[in-house]
Every structure is written in C-alpha cells, then in structure tokens.
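Notes follow once the structure below has been shown.
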C-alpha cells in the first residue's frame, strides 16, 4: 500500500474513533469556550477584548491543541496500538501524516467555532474582502499546528510526565504560528484598523512553517517512535 | 572501549574527571577571566552615553556568542550521531553537554541583558525581536534537556535527543523570522554588522575580545568535564543494571540449590 493510502486510513480511523467517543464535541469545544469566557474576566474591558480578540482565538486554539494531541496519542498508547501499527509494518511517515491530517480536521472545526464565539462575545465582524485571507490563514496555521503537535505528541507519548513535557516542547515551537496567525487574522477582520494586504506576508510565514515542520516531522517521526 | 577499560579509567580517575590537559586549560581559563576582570572593570573606558553600564557588555556579548557556538556543536554532534555509522554515544554526550552549557549561558545573557536594559532603557524587558528570539531559544533548549531525561536505554536517549537537537535548528530561523516581522529597539550588532567595519573604541574592543577568549576557554573546560561526568553516569547505570541482573541470577541459582531435584518432582 502506498504511503498516502495508509495515511488516509490512519486519518479515517482517528476521525472514526473521534466520532464515536465525541471527546471533541463533549469536552474540547466546551473547554475552549470556557477559555474564551475567562479571557473576558481577565481583560475586563470591551475595548481591550475587541482589540485582542484574534490573539485570544489562537491562544484558546493552542491550549486546546495540547488537549487534542494528548487525546490523539492516548488512543494509540492505551492498547499498544501504535506498537501494533509499527509491528504490522506501516510506514511511520504514513502514520504521522494520517494522524496530523485527522488532527487538522479537528482543529479546523475548533477554530471555526472559536471564531464564531469571538464574533458573538468579542464583537468581531468578518468583512467580505477578508474572507480569502481568513480561510487561507486558518488552513496554513492548522497544518503547522498539527505538524508540530503530532510530532511532539508522538515523542512524549508513553512516557511518565508526558502531560508536562508536551506543552514545554510544543508551545515554544508553535510561537511563530501564534504570532503569524494572530497578525493575519487581525488583518482579515480589520481589527484596530489593520488592512487585508498586511496579512499576506504572515500567510507566507505560516505556509513555510507548515511545510518545514510537515517535512521535518514526517522524517523525524520514525526515529522518535521506533523504540 | 570495553567495560573493563572503562572501569580501569574509572579506577584511575578516582580524584575526579580532571587530566593534565584539563588542568592546564582550567588554569588558562582562570588567568583569562582575571584579565577580563582587569580590562572590563579597570582598563577599558566608560561609555559616553551608557557610562559604567557598558561594562556589562563584556559578559553579555561573549556569553551569547558562546551560546550560539554551543548550539551549533549540539546540532553537529546530533547530526553525526544520527547519520553516522558508528552510533557512538560519545557524540550524544557531546551534544548533551554542549546544550546544557549553552542553556546556562543563554540564561546568563538574559539576566545580564535585563540588568543592562534596566540601566540604559529603564526597563528590564522589551518585546524586541532579539530578546524575544533569545527567550524562545532558551525555552527550546530547556525542552531539549527535558527530552534527554525521559529515560530508556542510552541509545534510545541518544536517538531521541539527536532528532530534537536537529529540529531545534529548524525552529530557530523560523522563530527569528516571525519575531523579526513582528517587531524590531535592540541596538544593531556593532561588531558583526553588515558593512564589515568595526565602530568601537580600541580598548573596549580589546576587552570584548578578552571576554570572548575567556568564555571560550571556560566553555571548552566545562564541556570536557561534563562529557566525562556523563560517561561516568552512563557507566554507573550500566553497572547498576549488570549488578541487579547478577544478583537475580544468584538468587535463582541458590533457590535451585535449595530444591535440588525440582525438575524430577
């Protein structure tokens, strides 16, 4: 079987598990929603919230990313499924790409919900001329986040202390995504007078990040889990 | 090196990890540090604008240069381990020791920089491109060191940390680029700027040079000792395992002796 076919199978498997267990719907989305509400408690002023809304959307996404990644690998390590896949001779590259793809789909759902929450709670508007930029930002940022999350999730899985190691490794690594995606979404939504054209260099950065970590991750995943 | 050789080395070095070479290097480090103190605090002039605060530069700049050097060493040693044929743990220990020293040096740079910032800019911290990149660099290598402590066999540790060591090299330019785009108050590099000219008072430049030499010697001295300590740690762990195995074997043997014909029953 080709790498892509296996990757698709792994991704479908992950999404099917998710559809059955409903952890995203029942736990992660409410968690992200609560995060958005407590941000409002911390930044007690409407004008501040409106100004920093895009950043808060991405912060909530990063925190939820950690939860999703842990969930994604708990499924594998609980029954030794990851080892079983390796013993079955599946290409680690394919496992990596499949898991990253499934994570991307979950993240995209999460981001759309968080953006809608920002529209309602933080009084954001989505102008029509910013939609293309917004969609491209969501796609590139999601790929970058999924690439990093899957890589470090795979590394940390199966060790004691993985709950603390994962954020320590992941958060500095996704800092460029947080910066880039926040600025790009500010441009797309016109937050604090930002214009759409300012957003494109950031999408470029996000795309380079996603490709670099996608390639680096698919090469590094094998040696990291092959133990 | 065989286990017996290693044990012989361990026996002969009961006094520590020092050898003749490291002792000479250590003395050279102390002398150059004394030179640095003399030039940095005494002979070099105070700055026109920054006055006495400029003396912090003689620690701030050499430590960050050496930190970059240590991370290059970590990356190269990680690459040699991962792609080389020998899979020698020596490269892994070199990478780990260098990253440990680099992390301490970056921390030193950040602390000295914060003090210098307070004196010249009036604040400890600014969200400037280089400061932010350096802070993220620090956290990235703290993460690398955490990965080294995950456990498992020595070869597992080596492979895992080599991959993370190389990924960090991928990450640093991306972080730098994103933060540069985000904002850029830190004074531009004075010595290594793009036009190649050096705009600095001669004695100040010389003091900085002394600082670089002193910290480089210090780095090499620390690196030699740290890799040796790591080799001893690995040896101790192997020995502990061997010992536990042989104890269990003896136990099994003595139980068999107590029930001589257990197989017949």
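Quick check on packing: order A:62-74, A:20-32, A:195-207 by the mean number of other C-beta atoms within 10 Å, highest mean leading.
A:62-74, A:195-207, A:20-32
Calculate the FRET efficiency for residue A:195 and residue B:253 from the Cβ-Cβ distance with a Förster distance of 56 Å, rounded to the nearest 0.05.
0.10
Nearest 10 degrees is fine. How inclined is helix A:92-121 to the longest principal axis of chain A, computing both from alpha carbons?
Tilt relative to chain A: about 20 degrees.
If I model a spin label at residue B:142 and residue A:47 as a point 7 Å from the Cα along the Cα→Cβ vector, what separation in nanometres do I get?
The modelled label-to-label distance comes out at 3.5 nm.
When you look at the Cβ of every residue in B:168-176, what mean number of other chain Cβ atoms sits within 10 Å?
Mean shielding count: 5.
To the nearest 0.05, what FRET efficiency results for residue B:125 and residue A:160 with a Förster distance of 22 Å applied to their C-beta separation?
The value I calculate is 0.05.
For region B:19-240, rounded, prolate or oblate, judged on the Cα gyration tensor with a ≥ b ≥ c (square roots of eigenvalues), a/c < 1.5 rounded, else prolate if a/b > b/c?
The shape class here is oblate.
Using only helices, what value at 222 nm comes out for the protein assembly as shown when you add -39,500 (n - 2.57) per DSSP H run of length 4 or more and divide by the total residues, to the nearest 500 deg cm²/dmol?
Details: 15 runs with 376 residues, N = 492.
That comes out to -27000 deg cm²/dmol.
Relative to the longest principal axis of chain A, what angle (0 to 90°, nearest 10) does the C-alpha long axis of helix A:3-21 take?
70 degrees
Determine the gain in length on full extension of the stretch residue A:13-residue A:74; use 0.36 nm per residue of separation and subtract their C-alpha separation, reporting nm with one decimal.
20.5 nm
Could you tell me which of rounded, prolate or oblate describes region A:3-225, using a ≥ b ≥ c as the square roots of the eigenvalues of the alpha-carbon gyration tensor, with rounded for a/c under 1.5 and, failing that, prolate when a/b is larger than b/c and oblate otherwise?
Cα axes put region A:3-225 in the prolate bin.
Please work out whether the protein assembly as shown counts as rounded, prolate or oblate from its C-alpha gyration tensor, where a ≥ b ≥ c are the square roots of the eigenvalues and a/c under 1.5 means rounded, while otherwise a/b larger than b/c means prolate and anything else oblate?
oblate
Averaged across B:130-137, how many Cβ atoms of other chains sit within 10 Å of each residue's Cβ atom?
Mean shielding count: 1.
What distance in nm separates the two pseudo spin-label positions at residue B:35 and residue B:234, each 7 Å out from Cα along the beta-carbon direction?
3.4 nm
Taking the alpha-carbon centroid of each part, what is the distance from region A:198-223 to region A:30-65 in angstrom?
Using only Cα atoms, the two centres lie 25 Å from each other.
Suppose R0 equals 35 Å; then what is the FRET efficiency for residue B:205 and residue B:149 from their Cβ-Cβ distance, rounded to the nearest 0.05?
0.30
Which angle between 0 and 90 degrees, to the nearest 10, do you get for helix A:46-78 versus the longest principal axis of chain A when only C-alpha atoms count?
Tilt of helix A:46-78: around 10 degrees.
Between residue B:20 and residue A:215, what is the label-to-label distance in nm when each label sits 7 Å out along the Cα-to-Cβ direction?
Output for this residue pair reads 5.0 nm.
Exposure proxy check: B:36, A:178 ranked by fewest other beta carbons within 10 Å?
Working: B:36 23, A:178 18.
So the residues, fewest neighbours to most, are A:178, B:36.
All of the numbers you see were taken from the coordinates with simple rules; none came from a lab. Because the structure is a prediction, the values reported are computed rather than measured. FYI the Cβ positions are ideal-geometry reconstructions off the backbone, even for glycines, and counts take in every protein chain you see.
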